[in-house]
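Engineer: Below is one structure. I have some questions about it.
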Amino acid sequence: MSVKDQKYIFELEKKFLRTDLPEIRPGYVVRVWTKVKEKDKERLSHFDGVVISVRGRGTGKTFTVRNIVGGVGVERIFPYYSPYIEKIEILRKIPVRRAKLYYLRYKKQSELFRE
């Protein structure tokens, strides 16, 4: 792919990028509000957890959020620029030294939020 093609793709993607969402990083504890459509109704639902990875760039950027629900680890992958994401709230910033926090899959929840 030539540089000219890359610039063209970047210009096309520019109109789909959102500026109303905060920049998130691994280690942030976030609450992601999403729109859920059920038949003809639409409601807001939230998912809380620790961001364990951010990958991609442009409109393909995604982030993975992990939480323990009922003693079971649950992970959701959200497209960052999805129109179904209403808002992202940053609840806490946990200092980390890794870009991918996959080791949290093997930790207990009590160990996660210890300071």
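Engineer: Taking region 11-40 as the search range and keeping residues that are over 18 Å from TYR84 (Cα atoms) and touching a Lys or Arg at 6+ places or on another chain (Cβ under 6 Å), which one is surrounded by the fewest Cβ atoms within 10 Å (Cβ to Cβ)?
Structural biologist: Looking at the filtered set, the residue picked out is VAL29.
Engineer: Among the candidates LYS100, LYS87, which residue alone is assigned to a loop (DSSP other than H, G, I, E, B) and either at pLDDT 90 or above or of a type in the set (D, E, K, R) (or both)?
Structural biologist: Values: LYS87 fails: assigned to a loop (DSSP other than H, G, I, E, B).
Only one candidate passes the filter, namely LYS100.
Engineer: Let me ask something additional. Please specify each residue of region 69-90 satisfying the condition of being among the aliphatic types (A, V, I, L, M) and either within 11 Å of the chain's Cα centre (by Cα) or within 13 Å of PRO22 (Cβ to Cβ) (or both).
Structural biologist: ILE77, ILE85, ILE88, ILE90, listed by residue number.
Engineer: Okay, next question. Against the condition among the charged types (D, E, K, R) and either surrounded by 14 or more Cβ atoms within 10 Å (Cβ to Cβ) or under 19 Å from LEU21 (Cα atoms) (or both), how does LYS100 come out, does it pass?
Structural biologist: Values: among the charged types (D, E, K, R): yes; either surrounded by 14 or more Cβ atoms within 10 Å (Cβ to Cβ) or under 19 Å from LEU21 (Cα atoms) (or both): no.
When the stated conditions are applied, LYS100 does not pass them.
Engineer: Checking the structure you have, find out if any residue of region 47-68 is part of a loop (DSSP other than H, G, I, E, B) and either touching a residue at least 40 places away in the same chain (Cβ under 8 Å) or more than 24 Å from THR19 (Cβ to Cβ) (or both).
Structural biologist: Residues of region 47-68 that are part of a loop (DSSP other than H, G, I, E, B), as a first pass: 56-57, 61.
So of that shortlist, the ones also either touching a residue at least 40 places away in the same chain (Cβ under 8 Å) or more than 24 Å from THR19 (Cβ to Cβ) (or both) come out as none.
No, region 47-68 contains no residue that is part of a loop (DSSP other than H, G, I, E, B) and either touching a residue at least 40 places away in the same chain (Cβ under 8 Å) or more than 24 Å from THR19 (Cβ to Cβ) (or both).
Engineer: In region 3-24, what count of residues is obtained for those that are without any contact (Cβ under 8 Å) to a residue 60 or more places away in the chain and closer than 30 Å to TYR103 by Cβ?
Structural biologist: Of the residues in region 3-24, the ones without any contact (Cβ under 8 Å) to a residue 60 or more places away in the chain are 3-15, 19, 23.
If we keep only those that are closer than 30 Å to TYR103 by Cβ too, we end up with 23.
Adding up the residues that qualify gives 1.
Engineer: In region 69-84, which residues are closer than 22 Å to VAL36 by Cβ, modelled with pLDDT under 90 and in a loop (DSSP other than H, G, I, E, B)?
Structural biologist: Result: GLY70, single match.
Engineer: Can I ask one more? Can you tell me how many residues in region 41-52 are more than 28 Å from ALA99 (Cα to Cα) and either within 11 Å of the chain's Cα centre (by Cα) or loosely packed, with under 10 Cβ neighbours inside 10 Å (or both)? Spell out the reasoning first.
Structural biologist: Filtering region 41-52 for residues more than 28 Å from ALA99 (Cα to Cα) gives 41-44.
Subset that is either within 11 Å of the chain's Cα centre (by Cα) or loosely packed, with under 10 Cβ neighbours inside 10 Å (or both): 41, 43.
So the answer is 2.
The values are calculated or read from the model by the stated rules, or taken from the named source; none is laboratory data. Computed from a predicted structure; not experimentally measured. Cβ coordinates were reconstructed from backbone atoms using ideal geometry, including for glycine residues, and neighbour counts include every protein chain displayed.
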